[in-house]
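Colleague: Please read through the structure below; I'll follow up with questions.
The values are calculated or read from the model by the stated rules, or taken from the named source; none is laboratory data. All figures in this text were calculated on a predicted structure; none of them were measured in a lab. Positions of Cβ are backbone-derived with ideal geometry, glycine not excepted, and every protein chain shown enters the neighbour counts. The area values use the complete protein model at the heavy-atom level, side chains included, leaving out ligands, DNA and RNA. Shrake-Rupley method; radii C 1.70, N 1.55, O 1.52, S 1.80 Å.
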Amino acid sequence: MEEKEEEDRISQLPDAILQHIISFIDIKQAVQTTILSTRWQNLWFSLSDLDFSLTRLATHSRISLKNRQASQDFSLLFAQFVDHFLSHRDHTSTVRNFRLSFDSRHHVHVDAPFVEKCIDYAINHGVQALRLEALCRPVLRFPDSFFASNTLRELELRQFAYGIHMPKQFSLPHLKTLFLENSAFMDDGDVYSFSKEPFSGFPELEKLTLHRCSIYGLVVSAPKLRFLEIIQEKLYSQVMGEISGSRLTSFRYEGYFPLECSRINVPMLEDVYLNIYKKVGRFNTLRDKWMPLKCVRMLQQLGDAKIVTLTMDTVKVLEMDRRLIEQSPSPFTNMKCLKLRKGRREIPTVLQRVMNYLTEGSIYGDESLMVEFPEGVCVVERNLDDLFDEDSDEHQLEQLFGIEDETPSQLRNFGVFEELLLPKFGQDGRVTF
C-alpha cells in the first residue's frame, strides 16, 4: 500500500517537474517512460531540453561503434531516430536547449541537409542554446530562419572542418556565447573566400572560443566581448589581423607557437593565460630561432594585464634567447600577480633573468607583486642551456644550419641575416621586428 501511495504522489506532480526529471536521462529512455503509466505517456512530447548523442544512443542500444564503418552505419539509424522524434513531438512546445552530436572519434560524415533541417526545427521553436557536433558533407548552410532568430543566446559548433557558408553580411543580435571548433566562416557563393571579420554583427557577444580554427587574417572585434579564448593545435603559425575589444577583460591562448597578431587593442585586460607548448631544441631550425622574438612581442601586446598566468613551457621559450630578455623592457607595467603553472613537460627551474624580465616593469614593485610557483620549481641563475648561449655567434650558426665556419661570413654578406634575427628598439623602448 505504501508503494502504491508513493507512486500516486509522483504521478500527481505537475508536468513541468516530471519533465525536469526526465531531462536528466537519455532521450531514448525518456521515450521509454511511456510504459510506466498513462500519466507518463505524453510527457516526452513537450520536453524543452533535447540532447541527441549518437554515442550515448549506441551505448543504450548495446551497439558497438568499434570502427568508422560501424559508426557510419549506425549514424543513419541515429538520424532516422532524431527525425522520428522531432516529427512526433508537440509542435506547440518551445525548445530551450538543442544538442545534436555525432561520433567524433571515427570522423563520421553527416548529411548536411539533415543537420540544416534540425537547425531549422530548433530555431523555429525558440531555441536559446544550440550545440552541434557534425562533420557535414557538403558544406553546411544555415537556413534563413537561423539569421532571423531573436532567441538564440548560445551557439556551439564542433567538427565543421569543411567550413560553414554564411552570407557576407549577417547578424545574430542576441548571441552571447560562441564556441567554434575546426570551423571557418566562408562567404556564401565562394568556397575559397573566408570571412575575415565574421563577428561584427554580434552586438551582444560576451564570450568567444576558437578551438583549432583557421585564424589567418581574422579580425575579432565585438563591442561587448569580455572573454576570448584561442586554442591552436596546428604545427604552423598563422598571423591574425586584429583583436579589438574595449571591454575584453580575460584572454587565454594555447598553441605550439606564440600568437602573431598585427594589432591587439584591449585596454581593459585584467587576466591573461598563455601556454606555448611546442618542444624546441637549441635553435634546431630557423623557425625555433624566431619563437622567443614572437613571444616577447606577444607579451608586449598584452602588457595591460594585471593577472598573468604562464605555463613553464612558455617560460622555456623566453629562456631561448638570453640577449633578447636582457635587452627587452619588461612588458607588464600593471601586473599585480604572476602565476607560473606546470605545462606539458616537467621543467624544474626558471632563470632569474626571465623572472626579472617579467616582473621588473610592474609599478607595484617587490612588496606588492605576488608571484606563484608550481610545486618543486625553483629560480636559478644558470642552467645547462646557458652553456650553449655563451657560445660564439659563429658556433651558434654552425649548430643552426649544420655548416662550416666560413659560411657565417658568407651569410652576413647578404646584409639581412642579423637584421632578421635581432630585435630593433624604438624610442619608446618597445621592441619591433
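Colleague: Which one is surrounded by the most Cβ atoms within 10 Å (Cβ to Cβ) among residues in the stretch 217-274 that are in a strand (DSSP E or B) and of a type in the set (S, T, N, Q)?
Modeller: Step by step, filter the stretch 217-274, then rank; the result is S250.
Colleague: Among (1) modelled with pLDDT of 90 or more; (2) open to solvent by 10 Å² or more (accessible area, probe 1.4 Å), where does R287 come up short?
Modeller: (1)
Colleague: Right, S87: assigned to a helix (DSSP H, G or I) and open to solvent by 30 Å² or more (accessible area, probe 1.4 Å) or not?
Modeller: Taking the combined requirement at face value, the residue satisfies it.
Colleague: Confirm whether L140 is in contact with a Leu (Cβ under 7 Å, 6 or more places away or on another chain) and not acidic (D, E).
Modeller: Values: in contact with a Leu (Cβ under 7 Å, 6 or more places away or on another chain): no; not acidic (D, E): yes.
So L140 does not fit the description; no.
Colleague: Additional query: Answer yes or no as to whether V139 is touching a residue at least 12 places away in the same chain (Cβ under 8 Å) and touching a Cys at 6+ places or on another chain (Cβ under 6 Å).
Modeller: For V139, the condition - touching a residue at least 12 places away in the same chain (Cβ under 8 Å) and touching a Cys at 6+ places or on another chain (Cβ under 6 Å) - is not met.
Colleague: Here is a further query. Tell me which residues, restricted to the stretch 290-318, are farther than 23 Å from Q238 by Cα and of a type outside the set (A, V, I, L, M).
Modeller: Listed by number, the residues that qualify are D304, K306.
Colleague: Sticking with this structure for a sec: Find the residue count for the stretch 349-375, including only residues that are farther than 16 Å from T309 by Cβ and open to solvent by less than 80 Å² (accessible area, probe 1.4 Å).
Modeller: So the answer is 9.
Colleague: Filter the stretch 156-173 down to the residues that are in a loop (DSSP other than H, G, I, E, B) and under 17 Å from S101 (Cβ atoms) and list them by number.
Modeller: Q159, F160, A161
Colleague: Can you name every residue in the stretch 126-155 that is touching a strand residue (DSSP E or B) at 6+ places or on another chain (Cβ under 8 Å), modelled with pLDDT under 95, part of a loop (DSSP other than H, G, I, E, B) and open to solvent by 20 Å² or more (accessible area, probe 1.4 Å)?
Modeller: Across the stretch 126-155, the qualifying residue is only V139.
Colleague: Can you find even one residue in the stretch 203-211 that is basic (K, R), within 12 Å of the chain's Cα centre (by Cα) and at pLDDT 90 or above?
Modeller: Looking through the stretch 203-211, at least one residue is basic (K, R), within 12 Å of the chain's Cα centre (by Cα) and at pLDDT 90 or above.
Colleague: Considering the stretch 85-112 alone, what residues qualify as being among the acidic types (D, E) and out of contact with any helix residue (DSSP H, G or I) (no Cβ under 6 Å at 6 or more places or on another chain)?
Modeller: D111
Colleague: So, one more: On the basis of being closer than 21 Å to D83 by Cβ and at pLDDT 90 or above, does V108 make the cut? Reasoning before the result, please.
Modeller: Values: closer than 21 Å to D83 by Cβ: yes; at pLDDT 90 or above: no.
No: the conditions fail for V108.
Condition check ((1) open to solvent by 20 Å² or more (accessible area, probe 1.4 Å); (2) modelled with pLDDT of 90 or more) across all residues:
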| residue | (1), (2) |
| --- | --- |
| L302 | no, yes |
| T311 | no, yes |
| V315 | no, yes |
| E326 | yes, no |
| P329 | yes, yes |
